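Only one structure is covered here, and it is reproduced in the block below.
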Amino acid sequence: MITLLDKESALLFANEWVTAWNQHDIERILSHYSDDVRVFSPLIVERMGLPEGYLQGKAALRDYWKPSFSLTPPLCFRLIDIFLGVNSVAILYENIGRRLVVENFTINQDMKVSSVTVHWSLGGLSNDIATNMNE
């Protein structure tokens with residue numbers, strides 16, 4: 001089944017997701033995900049040492065995310081933009097380290113996230129690319 005989110009649904013999802021993270025409410029965060037969700041992230045490779053770069057299931061995510069709430073400075077996301085797709089929504093936000101992050105959420109027929117792919121900004125690389133294109 002194809003699920004094209006409308007603007008209001010995408011805004012609601014993104015704002016609720018960011019609010020749940022900023023309140024450090026793990027159960028509220030997990031409520032957005034299907035039980036068998038897969039999350040692909042460079043941070044999983046970096047922190048967990050898993051070369052495949054993904055975790056599957058809410059229990060694995062709970063264990064993985066819970067330590068994030070004790071970071072100093074406290075974990076805080078700032079929503080920048082939202083992108084709509086077929087069966088998906090992508091969120092651009094700034095994280096605690098002021099790194100830009102895009103998370104692409106695949107939404108299932110139950111309106112739960114079935115998979116997520118996380119992308120990190122390379123920092124100032126976009127400025128370098130723009131400079132090279134103008135030369």
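The values are calculated or read from the model by the stated rules, or taken from the named source; none is laboratory data. In this text, all values refer to a predicted model and were calculated from it rather than measured experimentally. We place every Cβ from the backbone using ideal geometry, glycine too, and count neighbours over all the protein chains shown.
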Requested in this report: May I ask you to list pairs of residues, at least six apart or on different chains, whose Cβ atoms are under 6 Å apart, with the first in the stretch 80-92 being part of a strand (DSSP E or B) and surrounded by 13 or more Cβ atoms within 10 Å (Cβ to Cβ) and the second being small (Gly, Ala, Ser) and modelled with pLDDT of 95 or more?
Outcome: Ile82/Ala14; Phe83/Ala90; Ile91/Ala14
Query raised in the report: What are the residues in the stretch 16-42 that are more than 18 Å from Gly85 (Cβ to Cβ), touching a residue at least 24 places away in the same chain (Cβ under 8 Å) and out of contact with any strand residue (DSSP E or B) (no Cβ under 6 Å at 6 or more places or on another chain), if any?
Result: Trp21, Asn22, His24, Ile26, Ile29, Leu30, Asp36
Report task. Confirm whether Ser115 is surrounded by 15 or more Cβ atoms within 10 Å (Cβ to Cβ), hydroxyl-bearing (Ser, Thr, Tyr), under 15 Å from the mean Cα position of the chain (by Cα) and closer than 23 Å to His24 by Cβ. Result -> no
Report task. State all residues of the stretch 18-43 that are in contact with a Phe, Trp or Tyr (Cβ under 7 Å, 6 or more places away or on another chain) and in a helix (DSSP H, G or I); if no residue qualifies, say none. Result -> Val18, Trp21, Asn22, Ile26, Ile29, Pro42
Report task. Quick one: Leu75 ticks every box in (1) touching a Ser or Thr at 6+ places or on another chain (Cβ under 9 Å); (2) in a strand (DSSP E or B); (3) touching a residue at least 24 places away in the same chain (Cβ under 8 Å) except a single one, so which number is it? Result -> (2)
Report task. Quick one: Thr131 ticks every box in (1) at pLDDT below 90; (2) in a helix (DSSP H, G or I); (3) in contact with a Leu (Cβ under 6 Å, 6 or more places away or on another chain) except a single one, so which number is it? Result -> (3)
**Report entry** Scope the stretch 26-68; condition among the acidic types (Asp, Glu) and at pLDDT 95 or above; matching residues
**Finding:** Glu27, Asp35, Asp36
